[in-house]
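To start, the structure under review is shown below, and the notes come after it.
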Amino acid sequence: MPVEVQTLAEWESARVAGLLSVVIPAHNEEGHIGETVEDLVQTLQRADIRHEILIINDNGRDRTEKILVELSARHPSVRYVNNDPPNGFGYAVRRGLAEFRGDAVALMMADGSDSANDLVSFYSRLNEGYDCVYGSRFVRGGRTVDYPLVKLVLNRFGNKLIQMLFRIACNDISNAFKLYRREVIAGLQPLLAREFNLTVELPLKAIVRGYRYAVLPNSWMNRKEGVSKFKIREMGSRYFFILLYCLLEKYLGRGDLRSSPEVRATQLQVWHR
C-alpha cells in the first residue's frame, strides 16, 4: 500500500498563521454539501474568522464533485481534493489532515449535522490557550435532533466505558466534531484508524499525550437526505483495537510519547494511505 511521508519542516512550511481550517470528508453528499459549505462560509465571515474549508471528495459517484467545483469558484476560501482509493471516512480525514494549511483544524461532517455557530464558539475557546476543543452533545447546553435510538444506546454505553477506562471528564469522545491546533496533529502521528474509529483515536491520543483540552456543548441534527456512512456491525472490532492501543500507551507507555517539541519532530509522518 503506497504511503506519502512529509518531513516536519515540509508540513510546517504550509502553515498559515491565524487561519482556521475546516476539514470535511464527503462521499456521495450531493444532497447536503452545498448547504453545509455555504452555511460555514457565511457564519465564519460574520464572525470575522480567517478560514479555509477543505473538502475531501472521497471517490463518490454522484454530483458531489460538480457542486464542489461551483463552490470553490464562488468562494476563495473553499477548496477540495479528490481522495484516491482506498476510500473510507478515516482515509479521507487523514488526507485532509495532511493537506490543511491553518494553524488550527476543525473536523466537521458533510451532512450538516454539525453547527457552524458551534464552531465559532469552539474557536474562541481554543484561543484562550487550549490545544484541543471537544464537543459533547450530552452535557448541559448540548442537544441532538432525531438521533437513531440504537446508535444512541450504543453511543452512551461506549462513551461511559471510555470515561471509566481513561478516567476522563468528556462523555462524548466518539463525537466527530472536534478542533485541534496544528502542533497537536503533528504530535498524534502516525495515525492508525482507517474508518470512523479515527474519531476516537485522535482525542484519546491527545489526552494520553498530555495536550490541554476543553469540552463545550454542541448540537447535532440527523441528515435530511442520503444514507449514513457509519456501519455499526463493521466498527466493533475497529473501536476495540483503538481503545486497546490507547490504553496500552496510557498505562504502559510511561509518558514516552507525551507532547514535546523533540517528540513531535520524530513523530510526524503524514500518512496519505
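Rundown of residues vs (1) in a helix (DSSP H, G or I); (2) modelled with pLDDT of 65 or more, yes/no style:
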site	(1), (2)
GLU225	no, no
SER228	no, no
MET235	yes, no
TYR245	yes, yes
GLU249	yes, yes
LEU257	no, yes
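Identify, from the list ALA214, ALA193, the residue that is hydrophobic (A, V, I, L, M, F, W, C) and either part of a helix (DSSP H, G or I) or in contact with a strand residue (DSSP E or B) (Cβ under 7 Å, 6 or more places away or on another chain) (or both). Don't jump to the end; show me each part of the working.
On the way: ALA193 fails: either part of a helix (DSSP H, G or I) or in contact with a strand residue (DSSP E or B) (Cβ under 7 Å, 6 or more places away or on another chain) (or both).
Residue meeting the stated conditions: ALA214.
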- Item | Enumerated strands (runs of 3 or more DSSP E) restricted to region 38-135, each holding at least 3 residues that are surrounded by fewer than 18 Cβ atoms within 10 Å (Cβ to Cβ) | 78-82
- Mind counting the residues in region 39-62 that are at pLDDT 95 or above and either of a type in the set (Phe, Trp, Tyr) or over 24 Å from VAL120 (Cβ atoms) (or both)? 1
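Do we have any residue at all in region 143-161 that's β-branched (Val, Ile, Thr), free of Cβ contacts under 8 Å to residues at least 40 places away in the same chain and in a helix (DSSP H, G or I)? If you could, list the steps in order and put the result at the bottom.
Residues of region 143-161 that are β-branched (Val, Ile, Thr), as a first pass: 144-145, 150, 153.
Those left that are additionally free of Cβ contacts under 8 Å to residues at least 40 places away in the same chain: 153.
From what's left, in a helix (DSSP H, G or I): 153.
Looking through region 143-161, at least one residue is β-branched (Val, Ile, Thr), free of Cβ contacts under 8 Å to residues at least 40 places away in the same chain and in a helix (DSSP H, G or I).
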- Message: Just to be sure I understand the filter: pairs with C-beta atoms under 6 Å, separated by 6 or more residues or on different chains, first member in region 19-32 and closer than 10 Å to ASP111 by Cα, second member polar (S, T, N, Q). Which pairs pass?
- Response: ALA26/ASN57; ALA26/THR64; GLU29/THR64; GLU30/THR64
- Note on the structure: Contact list, first residue from region 77-100 and within 19 Å of PHE196 (Cα to Cα) and of a type in the set (Asp, Glu), second anywhere and at pLDDT below 95 and surrounded by 21 or more Cβ atoms within 10 Å (Cβ to Cβ), beta-carbon distance below 6 Å, six or more apart or interchain, is none
- Task: Exactly one condition in (1) touching a Cys at 6+ places or on another chain (Cβ under 8 Å); (2) in contact (Cβ under 8 Å) with a residue 60 or more places away in the chain is not met by GLN189; state its number.
- Result: (1)
- Among the residues of region 11-29, the number that are part of a strand (DSSP E or B) and surrounded by fewer than 19 Cβ atoms within 10 Å (Cβ to Cβ) is 4
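The values are calculated or read from the model by the stated rules, or taken from the named source; none is laboratory data. From a predicted model like this one, the values you see are computed outputs, not experimental measurements. Cβ atoms come from the backbone with ideal geometry, glycine included; neighbour counts cover every protein chain shown.
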